[in-house]
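Working notes, beginning with the structure itself.
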2 protein chains.
Amino acid sequence: MSEVIPHWLTKQSSLSPDIPAIELENGEVITFFDLKQQSQSFAKKLANKGVKKGDHIGILSTNDVNMIILIHALSYLGAVGVLLNIRLTASELQFQMDDAEVSLLLYHEQLKEKGLSLQIKERYSFKELTAIEEKEIPLKQEIKLDDPFTIIYTSGTTGFPKGVIHTYGNHWWSAIGSALNLGLSKQDKWLAVLPFFHVGGLSIFLKSVIYGMPVYLVDKFEPNQVNMAIQHKGVTIVSVVTVMLKRLIESLGTEKYPKAFRGMLLGGGPAPESLLEKAKQKEIPVFQSYGMTETSSQIVTLSPYDALRKIGSSGKPLVPAQLKISQPQADGVGEIHVKGPMVTKAYYRNEEANTKAFDDGWLRTGDLGFIDEEGFLYVVDRRNDLIISGGENIYPTEIENVLSELPEINEVAIVGKPDSNWGEVPVAFIVKRENYLSEDRVIEFAKQRLAKYKVPKQVYFINELPRNASKKIVRSKLKQEF
Amino acid sequence: MSEVIPHWLTKQSSLSPDIPAIELENGEVITFFDLKQQSQSFAKKLANKGVKKGDHIGILSTNDVNMIILIHALSYLGAVGVLLNIRLTASELQFQMDDAEVSLLLYHEQLKEKGLSLQIKERYSFKELTAIEEKEIPLKQEIKLDDPFTIIYTSGTTGFPKGVIHTYGNHWWSAIGSALNLGLSKQDKWLAVLPFFHVGGLSIFLKSVIYGMPVYLVDKFEPNQVNMAIQHKGVTIVSVVTVMLKRLIESLGTEKYPKAFRGMLLGGGPAPESLLEKAKQKEIPVFQSYGMTETSSQIVTLSPYDALRKIGSSGKPLVPAQLKISQPQADGVGEIHVKGPMVTKAYYRNEEANTKAFDDGWLRTGDLGFIDEEGFLYVVDRRNDLIISGGENIYPTEIENVLSELPEINEVAIVGKPDSNWGEVPVAFIVKRENYLSEDRVIEFAKQRLAKYKVPKQVYFINELPRNASKKIVRSKLKQEF
């Protein structure tokens, strides 16, 4: 039976009206009462424009407090937020909005040009929304955990992004699974700097209203600013990706974090040993984790106590989660399958992807890995040769599809090249059709069609791509070039 | 959709095999790995005797570690535990076992006489169970939250106890609701001294396997022993009823608890102001709460910060819970209704009680109360003139029904009399039919048929019972006698 709980923001506003829900860098504080009021106000403005239960609303925004208020506003109407990655090009965004059947777009003023370039029936900037009058309607007082709340796109094997539907329950269980792992204290304050349109950033704000916990909102990653917040603003937990952790430690110099700092929640692949050693020297607890959009953020985590004993491991599945290796080979490696109430039940309108991904309640992640004798997961190969660059997922197929449209290219393969800053960056191996093709031309072509982080950072021209017996490209051979 | 999670004890055994699950007063420690092994062993022994999914197994035990192992054992088979109150008489127990369709009884050696006196097809003492061979069968690896786990009886308006069905989900959500209220720390250790056959005692052991938290098990309430455990054994939280808190503070003398002690979770009605003042002087945080068997323990709690500002209040509903006052009078007082995933969905085989109790997802508690302008609940009158004596619920109707069978009695009314030790004790107001009836005769008659705590502590002989216009006994008038 689908469980029903009171609306989580209304609840926190009732339990802790004066507790800060969001603290901004300029010192401004939004209490849970304020956040409820402002979210309900936005909900009534949207209602005036006809937004209702089940509508799909696109949100295109930088890390801004209004984005959070808007997402809560949608929950008061039962509408679904389609969170758009602002780094994508207009055509990439258009695909997602069409696929998700977005009926109305809300965009931040800073993204006006992009927002206006998209094909959509109805759109409002955040400022325009603010100017709309409220319509008095009954707002949701309860949350049905099986109802959909957000859709976030993730790329797939084919290169066509798939819309991951998150129910309220997925987010709730993710927050609870995290609390059972990290503990829960009235002193907690979580710093949010990851993009809010990714589930890892979004989840911080949902934990906030589920726990009744303040979030310290940083709109742009500046290591000094983040370190300052940890040292002087009472921040106890920060979600980061590897490149951020590295820069935070560098920027910290000879100083240390206060004793009250509880740790870094690290996403986007296991950290290199040298970084973990540095963190240990600095007495910074690092909780490595494994997760994906489909699991509503982390689903497997490694405690700081095990970090150096189990280098390269992602840890063990959270309390409500299960993990298994499907059809393991002799060395124990097989496809990683996960299960749990934080795992999405479906991609939006994508029967083919759903059939492929779900198996009797288990999600086939596409990642390869093994579980050691103590139950620790090791991810040995990311799904579909996934490249993770500064926390962003990049699917080679998607870039390959785009570059294949360039007539001068005969064949192309994209692989991740190790990078000291970003973990990995995409690079292209190209077999030319026309000899005059230059690296500049390739990169220029990609820039016009792909988000910046997906544009190959280097182009290698070669005579032929290495292929195996079944003619599949052997990317590992290409990686040997580095 | 019913959520599925990994078996919670197997999970903790995997996450924290060496962490103590249960610490005994004699220094013995049972780790989560041990607890899993022993529970699975008991499960296989029970399987050998044919116990299977859906079977109802009676458990009659003092506060003993084997009782906990047994309850977990049932969860590995999908069997349901019917937890029996050892203070009841044989006939009271027989009613519950028959009503719950118990097919097999397990009893502690200390209760051999009572265990053997009951009518049941099959029964084993804990020792006898230990001697049974294991049968290798597949044990449950997952928990479906909608499945029933325990049945605990509670008395109703009619005086006939009703079997409250708790699903795994009810217990899970109760534990999560409590964690969101009290916080969650790896340093926590909860002391269990409340009877395990009541949901308040049982819930501690379920929190243990859901949180991965050690429980310090005390089989009998001795204030010095409990204080010693708080002061020297790392206990951070204790569940108590008012009489216990009073005695703990008395016994503490001039000493104080360590800083790491997080507080007392107080059930069984709000505490008197004088006691709260004493607790405050001793710097003992007291979390008052309101709950009942049907809500799987606390559902409304008052934080220590509000305790003296809101004397007499039970607080606010937990994060996943809702509260409303049905048909409030001019003064705001009406029947308290509660809702949430920790609230039972049904009494066992009792359509009449179910129809009466449930209203569109809400439970009618039968208690009267009001909610103040800040959202705090005040309980002004307990359901059915409920008497709470040392944490045990006593329903006047049940005692009145029994005494009415005494031929020398014309009319009888039971009310709670304030008692400095127990909060309240039951006393009888009797209109004689035969003049020779003595107080001794009444008490002797009650002793043979009722659990000791239900036997009236005093008998008042009067000429007639005060009744209102609709001939209902006005118990408040009787209370004025005190």
Open item on the list: Can you tell me which condition A:E283 does not meet? The list is (1) closer than 29 Å to B:P17 by Cα; (2) open to solvent by less than 50 Å² (accessible area, probe 1.4 Å), and all the others hold.
Closed with: (2)
Open item on the list: Regarding region A:202-210, can at least one residue be identified that is open to solvent by 20 Å² or more (accessible area, probe 1.4 Å) and assigned by TED's automatic domain parsing to the domain that holds A:Y348?
Closed with: no
Task: Search result, residues across region A:1-41 that are closer than 25 Å to B:S2 by Cα and of a type in the set (A, V, I, L, M) - done: A:M1, A:V4, A:I5, A:L9
TODO: Report whether or not B:I143 is within 14 Å of another protein chain (Cβ to nearest Cβ) and in contact with a helix residue (DSSP H, G or I) (Cβ under 8 Å, 6 or more places away or on another chain).
DONE: yes
Task: Only one of B:E444, B:E405, B:E411 that is farther than 16 Å from B:G268 by Cβ and surrounded by 13 or more Cβ atoms within 10 Å (Cβ to Cβ) - done: B:E411
- [ ] Please state which of the following conditions B:I152 fails to meet, knowing it meets all the rest: (1) under 18 Å from the mean Cα position of the chain (by Cα); (2) within 14 Å of another protein chain (Cβ to nearest Cβ); (3) farther than 26 Å from B:E25 by Cα.
- [x] (2)
Open item on the list: Here is a list: B:A346, B:A330. Which entry is within 14 Å of another protein chain (Cβ to nearest Cβ), among the aliphatic types (A, V, I, L, M) and surrounded by fewer than 21 Cβ atoms within 10 Å (Cβ to Cβ)?
Closed with: B:A346
- [ ] Please verify whether region A:38-47 includes one or more residues that are touching a residue at least 12 places away in the same chain (Cβ under 8 Å) and either within 14 Å of chain B (Cβ to nearest Cβ) or β-branched (V, I, T) (or both).
- [x] no
Task: Residue list for region B:414-436, restricted to those being crowded, with 19+ Cβ neighbours inside 10 Å and either under 20 Å from B:V241 (Cα atoms) or not small (G, A, S) (or both) - done: B:I414, B:V415, B:G416, B:K417, B:W422, B:G423, B:E424, B:V425, B:P426, B:V427, B:F429, B:I430
- [ ] Name the single residue, out of those in region B:365-402 being open to solvent by 60 Å² or more (accessible area, probe 1.4 Å) and among the aliphatic types (A, V, I, L, M), that is farthest from the chain's Cα centre (by Cα).
- [x] B:I371
Open item on the list: Here's a check for you: in region B:1-24, which residue that is out of contact with any strand residue (DSSP E or B) (no Cβ under 7 Å at 6 or more places or on another chain) and in a loop (DSSP other than H, G, I, E, B) is farthest from B:N227 (Cα to Cα)?
Closed with: B:M1
TODO: Of the conditions (1) free of Cβ contacts under 8 Å to residues at least 40 places away in the same chain; (2) within 30 Å of B:F95 (Cα to Cα), B:P148 clears all except one; give me its number.
DONE: (1)
- [ ] Being open to solvent by less than 70 Å² (accessible area, probe 1.4 Å), in a loop (DSSP other than H, G, I, E, B) and not β-branched (V, I, T) is the filter here, so list the residues in region B:447-467 that pass it.
- [x] B:L450, B:A451, B:P456, B:Q458, B:L465, B:P466
Task: Pair list, Cβ < 7 Å and 6+ apart or interchain, from region A:96-110 residues that are closer than 16 Å to A:M67 by Cβ to residues that are open to solvent by less than 10 Å² (accessible area, probe 1.4 Å) and of a type in the set (S, T, N, Q) - done: A:Y107/A:S61; A:Y107/A:S125; A:H108/A:S61; A:E109/A:S125
- [ ] Could you list, in sequence order, all residues of region A:172-192 that are more than 7 Å from chain B (Cβ to nearest Cβ) and either touching a residue at least 60 places away in the same chain (Cβ under 8 Å) or β-branched (V, I, T) (or both)?
- [x] A:W172, A:W173, A:S174, A:G177, A:S178, A:N181, A:L182, A:Q187, A:D188, A:K189, A:A192
Task: Filter result (of a type in the set (V, I, T) and farther than 26 Å from B:Y153 by Cβ) within region B:386-445 - done: B:I409, B:I430, B:V431
Open item on the list: What's the total number of residues in region A:1-33 that are away from every other protein chain (no Cβ under 13 Å), free of Cβ contacts under 8 Å to residues at least 40 places away in the same chain and open to solvent by 50 Å² or more (accessible area, probe 1.4 Å)?
Closed with: 4
- [ ] Can you tell me which residue within region A:297-332, out of those that are outside any strand (DSSP E or B) and modelled with pLDDT of 95 or more, is farthest from A:P161 (Cα to Cα)?
- [x] A:V319
Task: Checklist (1) away from chain B (no Cβ under 14 Å); (2) open to solvent by less than 20 Å² (accessible area, probe 1.4 Å) applied to A:K52, failing item - done: (2)
Task: Filter result (out of contact with any Lys or Arg (no Cβ under 9 Å at 6 or more places or on another chain) and not hydrophobic (A, V, I, L, M, F, W, C)) within region A:188-203 - done: A:H198, A:G200, A:G201, A:S203
Task: Odd one out for A:V82, checked against (1) open to solvent by less than 40 Å² (accessible area, probe 1.4 Å); (2) within 14 Å of chain B (Cβ to nearest Cβ) - done: (2)
Task: B:I57 vs. criteria assigned to a strand (DSSP E or B), more than 24 Å from B:I86 (Cα to Cα), modelled with pLDDT of 95 or more and away from chain A (no Cβ under 14 Å) - done: no
TODO: Can you tell me which residue within region B:315-327, out of those that are of a type in the set (A, V, I, L, M, F, W, C) and within 11 Å of chain A (Cβ to nearest Cβ), is surrounded by the most Cβ atoms within 10 Å (Cβ to Cβ)?
DONE: B:L318
Open item on the list: Looking at region B:297-309, I want the residues that are at positive phi and have a partner that is β-branched (V, I, T) and buried (at least 23 other Cβ atoms within 10 Å of the Cβ) with Cβ atoms under 7 Å, at least 6 apart or on another chain. Which pairs are those?
Closed with: B:S297/B:V199
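The values are calculated or read from the model by the stated rules, or taken from the named source; none is laboratory data. Quick caveat: nothing in here was measured; it's all calculated off a predicted structure. A quick note on method: Cβ atoms are made from the backbone with ideal geometry, for glycine too, and the neighbour counts reach across all protein chains shown. All accessible areas refer to the heavy atoms of the entire protein, side chains included, with ligands and DNA or RNA removed. Shrake-Rupley method; radii C 1.70, N 1.55, O 1.52, S 1.80 Å.
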